[in-house]
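To start, the structure under review is shown below, and the notes come after it.
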Amino acid sequence: MGLLRKVKGQDRAELLLGSVLTSGRLAHGYLFAGPEGVGKLTTALELAAAMVCTEAEDYCGECRNCRRVFSFDHPDVRITIPSRRSVGEEEIADIFRRRVGDGVTPLRVPGNAYIGIDQIRELEQRLSLKAFEAAWHVEILLDCHRMRIEAANALLKTLEEPPDNTLLVLTTTTVSSLLPTIRSRIHLIRFNRLPRELVREEVRERLEIDEALLDRLVAASDGSVGRALRLAEEGATHRAAVLKTLRALEECEGAVGVLDLVKSLVRELKKSGCLEFIGELRSLVHDQRRLLMDAEPLSFSRKDLRRWEVSDDVLEELEHQLLVCERRMWRNVTPGLAMSVPMIGMWEALSRKPTAVTDER
Ligand SMILES: [Zn+2]
């Protein structure tokens, strides 16, 4: 059995790591480079499991050691992620917990985060002690293109004279943004984008979604399972926000109420959220047009949609207004201003008493 059982489509990485494991000629440091969401972290964990598993040549995946590695809970397998000074340990632990729970949450602190010198000092401190349980220390550093210069210089010292039985795995999406001195001291292993069919299989295995949505996710995934899963999750969040807003619009008594609703949306979503929200709203209107033509909706599920008692002309005009709204926001018109026109149009369309689609079927 090969080393990579949880990662598919990375034959080159598998071949290289498999051969160093069987030959016992493991280097002290590896750099896993490639797009996000193609298996770099999982490969690092599989390699780490192979170092600490006591049950199998490579790893068994079932013993206590293996299980703790894959739930980020092994004392000798540590992961460092870019962070910010103001972010506490508990917040970081929470990010890891969510990742273990859903398998999707990016191991990333929101905002402008970097691997700082404090984090490298902590790593050095850990390496200076005897490993707790395993014969090996494995340190995994994620997104090393986000490492401060002084941190990189400190790490360089560790890479030059690594303590025995230490394995460092660095990951990055951009090799060129690492210090050349670091690059020259670790072995580069490249990860590639995944073929569409593989992304499709992997997403289908993890999520229950209809084929039309799956098509769109795969098309937007850019060869990354992680990206497809993240888009699926974000899409679900935004679709829920759109449906909630529609219900609120139905309750609005007049245009002033609509404008108040827009104001609270802008407060809640911030600018980038507003853009995605409007994009999702456009998908909804498009789905409404498809319903009028008796075609299957593409983004929303049939049970969430109601047939609006308006003509296709009205929906077409709405779709156009939403497109104009998006363009305006891109050109830095404030979201509140840009969103007012299509939202009032939406309210007018909705106030013609909608009936549930599913009732008619
Ligand atoms: Zn094991």
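Here are the numbers for the structure shown:
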| read-out | value |
| --- | --- |
| DSSP beta bridges in region 76-182 [antiparallel fraction, %, rounded to 5] | 10 percent |
| Low-density loop cleavage sites - GluC sites (Glu not before Pro) in region 104-199, where at most 15 other Cβ are within 10 Å (DSSP) | Glu133 |
| Whole-Å distance, taken between Cα centres, linking region 71-129 and region 217-265 | 30 Å |
| Under 21 Å from the Cα of Lys8 - lysines, other chains or at least 8 residues apart | Lys40 |
| Coil-residue chymotrypsin sites (Phe, Trp or Tyr not before Pro) of region 109-196, DSSP, other Cβ within 10 Å capped at 11 | Phe132 |
| Charge dipole (debye, nearest 20) of region 235-360; +1 at Cβ of Lys and Arg, -1 at Cβ of Asp and Glu | 580 debye |
| Extension gain from Leu26 to Arg352, taking 0.36 nm per residue of separation minus the Cα-Cα distance | 110.4 nm |
| Extension reserve of the Glu55-Ala135 stretch, reckoned as 0.36 nm per residue once the Cα distance is removed | 27.4 nm |
| Virtual paramagnetic centre 7 Å along Cα→Cβ of Arg85, amide N under 11 Å, in region 123-162 | none |
| Set of aspartates and glutamates near Lys270 by C-alpha distance (under 18 Å), chain-local residues within fewer than 8 positions excluded | Glu234, Asp260, Glu280, Glu326 |
| Region 235-360: Rg to Rh, with Rh as the Kirkwood radius over Cα pairs | 0.94 |
| Rounded if a/c under 1.5, otherwise prolate or oblate - region 11-192, Cα gyration tensor axes | rounded |
| Share antiparallel - DSSP beta bridges, region 11-192, percent rounded to 5 | 5 percent |
| Within the chain, percent of DSSP bridges classed antiparallel, to nearest 5 | 15 percent |
| Local electrostatic count, Val20, Cβ distance below 14 Å [Lys/Arg +1, Asp/Glu -1] | -2 |
| Translational diffusion of the chain, µm² s⁻¹ [Kirkwood Rh, Cα pairs; Stokes-Einstein; 10 °C; 1.306 mPa s] | 68 µm²/s |
| Contour minus Cα-Cα distance for Asn332 and Asp260 (0.36 nm per residue) | 23.8 nm |
| Among Gly345, Gly254, Gly37, residue whose mean-square fluctuation peaks in a GNM of the chain (springs only between Cα atoms under 10 Å) | Gly254 |
| Set of lysines near Lys271 by C-alpha distance (under 29 Å), chain-local residues within fewer than 8 positions excluded | Lys244, Lys263 |
| Neighbour cut-off at most 14 other Cβ (10 Å), DSSP loop, trypsin sites (Lys or Arg not before Pro), region 32-91 | Arg84, Arg85 |
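Every number in this text was worked out from the coordinates using simple rules, so none of it is lab data. Model, not experiment: these values are computed from the prediction. Cβ atoms come from the backbone with ideal geometry, glycine included; neighbour counts cover every protein chain shown.
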